[in-house]
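One structure is given here, and the rest of the page talks about it.
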Amino acid sequence: MISSVDLAGLLGIHAPTAQQQVVIEAPLSPALVVAGAGSGKTDTMASRVVWLVANNLATPDQILGLTFTRKAAGSLSKRVSERIAILREVQSRHPERFEATPETSSIEFDQPTISTYNSFASALFTENALLIGREPESTLLNDPSSWQLARKLVVASTDERLIGLEKSINALTEAVLNLSHALSDNVANADDVAAYAERFTQLSELPFSDSARKKTPYVSVVEAVNEVGSLAPLLALAVQYAQQKRQQGLLEFSDQVALALEVSERSADVVEHYQDRYRVVLLDEYQDTSVVQTRYLPGYLAIIR
């Protein structure tokens, strides 16, 4: 097995540091890497991919790399493609340095799948949309179109509870959109949130005295109660908004991972297909603060084996 340091020399790239070498040559098992900005994460990921391919631990098409931004995905994809191309040239000139396998010649033009989390989720959903009763040819809404659709619902609403919120049409529109996105991002059911908001309204009579000294510590509590207690009419509009999107075959950025999660939870066959397809999954800057990502990726795509 060739080391990542020796491989770097053959490829004509900078040798990895001792810390990077540990990551690049890590066993094929789940692992968490903690690294700060400017520590060479992208370069290490690219070197990891090429090292796995060079040592026949995975073919390029068995590797999936996911990043947050298109820029990061483009940068990683470019480095990986360039290094695999150089690797193939080096392998042809120095076959004695590598373990030959029957697969080597057949995978010459294969490349890893590298994309953003949302792009990958969108592709997965599109391929399997019918499994959850959705249309594959969904149109992705941009921000102005999302705003226009939500505002139309706000203007047409006859819910008198909106008057009590004392918000402008624009403020209500923004609140509906924020709530809709929060429901998707947190994989939350609107009925459950409505029930939670109803329980909050029961706290309207808080047990504090009339003195200013006693009232002051409860100001933030009162504000929170009022905020959550006012969710009911906004939730109704958020549900209408989701229904309109579905009826018109529309999707938002925040819907993509949530719908991919729904597909994976509904179909064991889809999960098995992707587990068989990708032997190695590299997650760039994975964030466990996202509920939908936390449920989707570890349980579905974290299949490093």
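Observations on the model:
- Pairs are defined by a Cβ separation below 8 Å, a sequence spacing of at least 6 or placement on different chains, a first member in the range 154-177 that is over 16 Å from Ala242 (Cα atoms), and a second member that is of a type in the set (Ser, Thr, Tyr) and surrounded by 17 or more Cβ atoms within 10 Å (Cβ to Cβ); the pairs so defined are Gly164/Ser230; Leu165/Ser230.
- Leading residue by the ranking (surrounded by the most Cβ atoms within 10 Å (Cβ to Cβ)) among those in the range 127-144 that are part of a helix (DSSP H, G or I) and in contact (Cβ under 8 Å) with a residue 24 or more places away in the chain: Asn128
- Number of the condition not met by Leu172 [criteria: (1) loosely packed, with under 13 Cβ neighbours inside 10 Å; (2) in a helix (DSSP H, G or I); (3) of a type outside the set (Phe, Trp, Tyr)]: (1)
- Within the range 25-41, being within 23 Å of the chain's Cα centre (by Cα), of a type outside the set (Ser, Thr, Tyr) and within 14 Å of Arg279 (Cα to Cα) holds for Leu28, Pro30.
None of the figures in this text is laboratory data; all of them are computed from the coordinates on show. Owing to the predicted nature of the structure, the values given are computational and were not obtained by experimental measurement. Virtual Cβ from ideal backbone geometry, glycine too; neighbours counted across all protein chains shown.
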